[in-house]
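Student: One structure, as structure tokens, below. Some questions next.
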Amino acid sequence: MSREKGVIEIRISGSGEGVYEYEFICKASDFKNPELGEPGFCNDIHVKVVANKTDSEIAVDIETKTFAELSCDICLAPLKKEAAGTYRVFFVFGEPEGNIEEQEENYRVLDRNASVIDLTEDVRETLLLSKPLKTVCTENPECSMYREDDAEHSEEKHGAKSPWQESLEKLKNKYH
């Protein structure tokens with residue numbers, strides 16, 4: 001039975017213990033998944049993989065970076081934002097003890113005779129999780145008043161807390 005080659009695969013056969021670094025550049029269309037096209041991942045996706053191989057396991061750190069073309073949640077203006085994500089997964093050699101897969105989703109059992117590790121699904125999930133939940137533009141003053149970092153700066157400028165913040169602080173102090 002032939003297996004389709006993954007988009008992001010690292011070769012582990014013939015490698016000894018140590019740290020191995022890999023870099024990949026791919027497109028969202030390479031993943032053949034409509035979810036990646038939806039948030040606007042139309043630029044090159046840079047993937048850095050660092051694999052630390054020991055006698056009993058391989059710890060893999062995945063780092064993804066790209067630019068997503070999104071729209072403002074308030075005024076629908078087009079935006080281009082950097083989407084970066086990281087993920088760590090452990091591949092343990094041997095038989096599952098106590099069903100590791102159900103205990104931790106980032107621990108996986110790997111056959112000692114495996115020649116490659118397919119990280120395509122892990123990279124896809126890291127990309128999807130790197131998409132911002134809330135997107136607000138900076139050009140429109142009405143939109144920028146909803147940005148979190150502006151709220152912090154305005155509090156520093158004014159030096160005073162609003163009445164609801166003062167009430168919340170009193171309530172917090174009452175119960176602590």
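Student: For Phe93, work out the one condition from (1) surrounded by 16 or more Cβ atoms within 10 Å (Cβ to Cβ); (2) farther than 20 Å from Asp111 by Cα it doesn't fulfil.
Tutor: Phe93 satisfies every listed condition except (2).
Student: Right, something else. Please enumerate the residues belonging to segment 27-50 that are without any contact (Cβ under 8 Å) to a residue 60 or more places away in the chain and on the phi < 0 side of the Ramachandran plot.
Tutor: Result: Lys27, Ser29, Asp30, Pro34, Gly37, Glu38, Cys42, Asn43, Asp44, His46, Lys48, Val50.
Student: Could you go through segment 58-76 and let me know if any residue there is outside any strand (DSSP E or B), small (Gly, Ala, Ser) and either surrounded by fewer than 16 Cβ atoms within 10 Å (Cβ to Cβ) or modelled with pLDDT of 90 or more (or both).
Tutor: no
Student: Counting only residues that are among the charged types (D, E, K, R), at pLDDT 80 or above and surrounded by 11 or more Cβ atoms within 10 Å (Cβ to Cβ), which one in segment 117-176 is farthest from Cys75 (Cα to Cα)?
Tutor: Asp118
Student: How many of the residues making up segment 30-65 are in contact with a helix residue (DSSP H, G or I) (Cβ under 7 Å, 6 or more places away or on another chain) and of a type in the set (S, T, N, Q)?
Tutor: Adding up the residues that qualify gives 2.
Student: So, in segment 41-89, of the ones that are in contact with a Ser or Thr (Cβ under 6 Å, 6 or more places away or on another chain) and β-branched (Val, Ile, Thr), which residue ends up farthest from Val19 (Cα to Cα)?
Tutor: Looking at residues that are in contact with a Ser or Thr (Cβ under 6 Å, 6 or more places away or on another chain) and β-branched (Val, Ile, Thr), I get Ile45.
Student: Turning to a different aspect of this structure: Determine whether segment 26-43 contains at least one residue that is part of a strand (DSSP E or B) and in the same structural domain as Leu119 (by TED's automatic domain parsing).
Tutor: So the first thing to find is which residues in segment 26-43 are part of a strand (DSSP E or B), and the list is 26.
Subsequent filtering for residues that are in the same structural domain as Leu119 (by TED's automatic domain parsing) retains 26.
Yes.
The values are calculated or read from the model by the stated rules, or taken from the named source; none is laboratory data. Bear in mind that the values here come from a model prediction, so they are computed numbers and not experimental data. Quick reminder, even Gly has a Cβ in these numbers, built from the backbone with ideal geometry, and neighbours come from all protein chains shown.
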